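This report concerns only the one structure given below.
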Amino acid sequence: MRSRGSISRRVVTLAPEVAQGGKADGRADVFSLGALLHVMLVGPRFSRENTDDEVLVRAVEGSFEPRLFGPRLPPEILDLIERATHPEAERRLGDPAILAYELRRAAMALGVGDGRVFLRHA
């Protein structure tokens, strides 16, 4: 028998369509990257109080733990995380490269990005 921690670690970045048994594509990868960003910048996807069954239901739904107090992240970054982790695959960015580009662009607009990548292409 697996512990709840084991289940939640396995599905924390799983896209809803994959949790439902569907095929993974670029949009599922975008969800996974967005979920990882959410965990790093906002907080855990699942509450410690969730049972295994609740964690699996939330994974299938594509939901995240609601936050009473959120981090003070720029709206551009929060918007990208929300767009990347939308439960409906059709409403997500279609490719992880697009998400990476948008994150770099938002970071540079905030003055924290690294422009070396763009200088190499110039």
**Message:** With +1 assigned to the C-beta of every Lys and Arg and -1 to the C-beta of every Asp and Glu, and no other charges, what is the dipole magnitude of the stretch 17-71 about the Cα centre in debye, to the nearest 20?
**Reply:** 220 debye
**Item:** Qualifying chymotrypsin sites (Phe, Trp or Tyr not before Pro) in the stretch 42-97, DSSP loop, other Cβ atoms within 10 Å at most 15
**Value:** PHE69
**Fill in**
Output ordering of 77-84, 101-108 (per-residue mean of other Cβ within 10 Å, highest first) is 77-84, 101-108
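No value in this document is a laboratory result; all are computed from the given coordinates. Bear in mind the structure is a predicted one, so any value in this text is a computation, not a measurement. Neighbour counts run over all protein chains shown; Cβ positions are idealised from the backbone, glycine included.
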